[in-house]
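Colleague: Mind looking over this structure? Questions follow.
The values are calculated or read from the model by the stated rules, or taken from the named source; none is laboratory data. Computed from a predicted model, the values in this text were never measured in an experiment. Because the Cβ atoms are built from the backbone with ideal geometry, glycine has one as well, and the counts that use them run over all protein chains shown.
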Amino acid sequence: MTLSLPVSGKTRLFPVVGHPVAQVRAPAVFNRLFARAGIDALAFGLDLPPDSVAATVRGLLASENVGGVLVTVPYKKVLAASADRLGLDASQVGALNALRRAADGAIEGDLFDGAGFLAGLLAAGHGVAGRRVLLLGAGGAGSAIAAKLGQAGAATVAVYDPQARSAQELAASLQPHFARTVFESQPSLKPHGFDVVINASPLGLKPGDPLPLDPDRLAAGTLVCDIIMEPATTRWLQAAAARGLPVHQGRHMLDHQLPAYLSFFGLPELAARLRITSDSITLEETA
């Protein structure tokens, strides 16, 4: 196999750890940016088993070659518990999606899912202020999105998760921070009366997964969002679009996280050159 990028002992490495990782879109996006900018760096997926993920990630970050670690399902909360320091968003919801080793040797983590999702939603012209939102999934990404929906002034954020306690704990933990937003948990899925429905669960990662929710149960005009990035248009979004509902793809969440990721990993100059639109990511030329 011929590598498209030269890899040497100087190459900065950015593994994306999860279980599974076949669906991750981040390596392709990061590697295109690195190649365009002439940066000697490589992102790649790394499937790790649950019993060794924390120790393996700490070992990876001990290497000077590793510029940072991206984190995907199901390890966003697991690795937050093992980090030495957390940023504001990560500490608020107890989850992260990026790790780095600080100058003092501490492992620092932060969470950009919520900010990326909200920015992508707003860029597509979908505001959430004053709207009722149903959030499917109370994991790391769902928790981050719920917090940002509160910051954006959503009227209601109702959380459903098959693990009912997770939904209850998330709603209860966020409510004291947001006076304008009502956070509630749904013990059983009742999708009526919502303006926006967001799938923040893993359903859709595997071809045989059931739909997170039957779109026929949603009212006309309900915005249907997914955070699954591969495939770009999930079966759930296809079914919603076939019913005439507006849809929002998961790729926008990653696209609008890129500047924060790059800055966190010590590449602020590259972050400043990014120009993100609904259908492309470009780099401004340097002077």
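Colleague: Could you tell me which numbered condition Gln168 fails, if it satisfies all but one of (1) over 20 Å from the mean Cα position of the chain (by Cα); (2) in a loop (DSSP other than H, G, I, E, B)?
Modeller: (2)
Colleague: Conditions first: (1) out of contact with any strand residue (DSSP E or B) (no Cβ under 7 Å at 6 or more places or on another chain); (2) closer than 30 Å to Ala43 by Cα; (3) assigned by TED's automatic domain parsing to the domain that holds Ile145. Ile227 passes all but one, so which condition is the exception?
Modeller: (1)
Colleague: Let me ask you something else. Go through (1) surrounded by fewer than 21 Cβ atoms within 10 Å (Cβ to Cβ); (2) touching a Ser or Thr at 6+ places or on another chain (Cβ under 6 Å) for Gly18 and report which single condition fails.
Modeller: (1)
Colleague: Same structure, new question: Just one of the numbered conditions (1) in the same structural domain as Ala200 (by TED's automatic domain parsing); (2) touching a residue at least 12 places away in the same chain (Cβ under 8 Å) is not true of Pro210; which one?
Modeller: (2)
Colleague: Another question, if that's okay. Please list, ordered by residue number, the strands (runs of 3 or more DSSP E) wholly in segment 178-231 having 3 or more residues that are among the β-branched types (Val, Ile, Thr).
Modeller: Numbers: elements: 182-186, 196-199, 223-226.
Of the strands (runs of 3 or more DSSP E) lying wholly inside segment 178-231, those with at least 3 residues that are among the β-branched types (Val, Ile, Thr) span 196-199.
Yes/no per residue for (1) free of Cβ contacts under 8 Å to residues at least 12 places away in the same chain; (2) of a type in the set (S, T, N, Q); (3) more than 18 Å from Leu136 (Cβ to Cβ):
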residue: Asp216; (1), (2), (3): no, no, no
residue: Val224; (1), (2), (3): no, no, no
residue: Thr234; (1), (2), (3): no, yes, no
residue: Ala240; (1), (2), (3): no, no, no
residue: Leu245; (1), (2), (3): no, no, no
residue: Asp255; (1), (2), (3): no, no, yes
residue: Gly266; (1), (2), (3): no, no, yes
residue: Asp279; (1), (2), (3): yes, no, yes
residue: Thr282; (1), (2), (3): yes, yes, yes
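Colleague: Restricting to segment 181-198, name every residue that is touching a residue at least 40 places away in the same chain (Cβ under 8 Å) and loosely packed, with under 15 Cβ neighbours inside 10 Å.
Modeller: Answer for segment 181-198, where residues must be touching a residue at least 40 places away in the same chain (Cβ under 8 Å) and loosely packed, with under 15 Cβ neighbours inside 10 Å: just Gly193.
Colleague: Among the residues of segment 148-160, is any of a type in the set (A, V, I, L, M) and over 28 Å from Asp195 (Cβ atoms)?
Modeller: So the first thing to find is which residues in segment 148-160 are of a type in the set (A, V, I, L, M), and the list is 149, 152, 154-155, 157-159.
Subset that is over 28 Å from Asp195 (Cβ atoms): none.
No.
Colleague: Which condition breaks for Leu135 when tested against (1) in a loop (DSSP other than H, G, I, E, B); (2) in the same structural domain as Tyr160 (by TED's automatic domain parsing)?
Modeller: Unmet for Leu135, out of (1) in a loop (DSSP other than H, G, I, E, B); (2) in the same structural domain as Tyr160 (by TED's automatic domain parsing): (1).
Colleague: Okay, moving on. Name the one entry in Leu79, Leu96 that is in a loop (DSSP other than H, G, I, E, B) and under 18 Å from Ala144 (Cβ atoms).
Modeller: Working: Leu79 fails: in a loop (DSSP other than H, G, I, E, B).
From the options Leu79, Leu96, the qualifying one is Leu96.
Colleague: Right, something else. Considering only residues that are part of a loop (DSSP other than H, G, I, E, B) and within 20 Å of the chain's Cα centre (by Cα), which ones fall in segment 250-287? Quick ask: steps written out before the conclusion?
Modeller: Filtering segment 250-287 down to residues part of a loop (DSSP other than H, G, I, E, B) leaves 250, 256-257, 265-267, 277-280, 284-287.
Scanning segment 250-287 gives Gly250, His256, Gln257, Phe265, Gly266, Leu267, Thr277, Ser278, Asp279, Ser280.
Colleague: Which one of Gly45, Gly125 is over 19 Å from Ala271 (Cβ atoms), at pLDDT 95 or above and not in a loop (DSSP other than H, G, I, E, B)? Steps first, please.
Modeller: On the way: Gly125 fails: not in a loop (DSSP other than H, G, I, E, B).
Going through Gly45, Gly125 in turn, the sole match is Gly45.
Colleague: Taking into account only those residues within segment 199-249 that are modelled with pLDDT of 95 or more and of a type in the set (Lys, Arg), which is surrounded by the most Cβ atoms within 10 Å (Cβ to Cβ)?
Modeller: Checking each candidate, the answer is Arg235.
Colleague: Check Asp47, Asp104, Asp84 and return the single one that is free of Cβ contacts under 8 Å to residues at least 12 places away in the same chain and more than 18 Å from Ile227 (Cβ to Cβ). Steps first, answer last, please.
Modeller: Values: Asp47 fails: free of Cβ contacts under 8 Å to residues at least 12 places away in the same chain; Asp84 fails: free of Cβ contacts under 8 Å to residues at least 12 places away in the same chain.
Every option except Asp104 fails the conditions.
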